[in-house]
């Protein structure tokens with residue numbers, strides 16, 4: 001069940017990050033993916049063309065509006081803030097109509113399915129947009 005108040009969402013997100021500090025890579029990414037899939041879905045909240053105005057992670061939680069792109073952004077923020085050595089290459093990509101987070105040399109794909117962190121080859125697919133962890137760090141103030 002998703003938390004109704006910003007302070008509850010913030011506390012839950014903090015708990016998630018604390019739990020992920022000691023989990024394996026696979027368990028960490030599964031926990032992050034599952035947590036963000038609990039968010040209430042809203043169509044077309046964020047758009048790639050408006051990237052300069054995307055919310056930082058705290059504003060994202062405060063806005064409480066989660067389209068597929070916003071959920072992917074939240075996943076990328078979470079991975080980035082963890083600052084784990086095994087998760088330094090995450091990227092948010094738009095492939096067809098999906099906004100996927102690729103991590104650990106693209107071994108893991110998040111924001112595809114609620115209960116599964118999948119491992120498929122996206123190489124034949126053309127990415128229309130992407131943002132890396134290093135770029136997203138600029139959004140975190």
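The values are calculated or read from the model by the stated rules, or taken from the named source; none is laboratory data. All values reported here derive from a predicted model rather than from experimental measurement. Here the Cβ is made from the backbone with ideal geometry for all residues, glycine too, and neighbour counts use every protein chain on show.
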- If residue 74 satisfies every condition in (1) within 27 Å of residue 15 (Cβ to Cβ); (2) more than 14 Å from the chain's Cα centre (by Cα); (3) free of Cβ contacts under 8 Å to residues at least 40 places away in the same chain but one, which is the exception? (2)
- For the range 119-140, state whether one or more residues are assigned to a helix (DSSP H, G or I) and out of contact with any strand residue (DSSP E or B) (no Cβ under 8 Å at 6 or more places or on another chain). yes
- Run residue 69 past the list (1) more than 22 Å from residue 9 (Cα to Cα); (2) modelled with pLDDT of 95 or more and report the number of the one that doesn't hold. (1)
- Going through the range 11-52 one residue at a time, which ones are surrounded by fewer than 12 Cβ atoms within 10 Å (Cβ to Cβ) and over 16 Å from residue 71 (Cα atoms)? 14, 15, 18, 21, 22, 24, 49, 52
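In the set 99, 64, 111, which member is on the phi > 0 side of the Ramachandran plot and in contact with a strand residue (DSSP E or B) (Cβ under 7 Å, 6 or more places away or on another chain)? Don't jump to the end; show me each part of the working.
Working: 99 fails: on the phi > 0 side of the Ramachandran plot; 64 fails: in contact with a strand residue (DSSP E or B) (Cβ under 7 Å, 6 or more places away or on another chain).
Result: 111 is the single residue among 99, 64, 111 that is on the phi > 0 side of the Ramachandran plot and in contact with a strand residue (DSSP E or B) (Cβ under 7 Å, 6 or more places away or on another chain).
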- Just one of 89, 83 is over 12 Å from the mean Cα position of the chain (by Cα) and at negative phi; which is it? 89
- Query: So which helices (runs of 4 or more DSSP H) are wholly in the range 1-109 and hold at least 1 residues that are under 16 Å from residue 129 (Cα atoms)?
  - Reply: 68-82
- Taking the range 86-103 and keeping only residues that are touching a helix residue (DSSP H, G or I) at 6+ places or on another chain (Cβ under 9 Å) and buried (at least 18 other Cβ atoms within 10 Å of the Cβ), one is left with 87, 90, 91, 92, 93, 94, 99, 100, 101, 103
- Subset of the range 107-134, residues under 14 Å from the mean Cα position of the chain (by Cα), surrounded by 13 or more Cβ atoms within 10 Å (Cβ to Cβ) and at pLDDT 80 or above, comes to 108, 109, 110, 111, 112, 130, 131, 132, 133
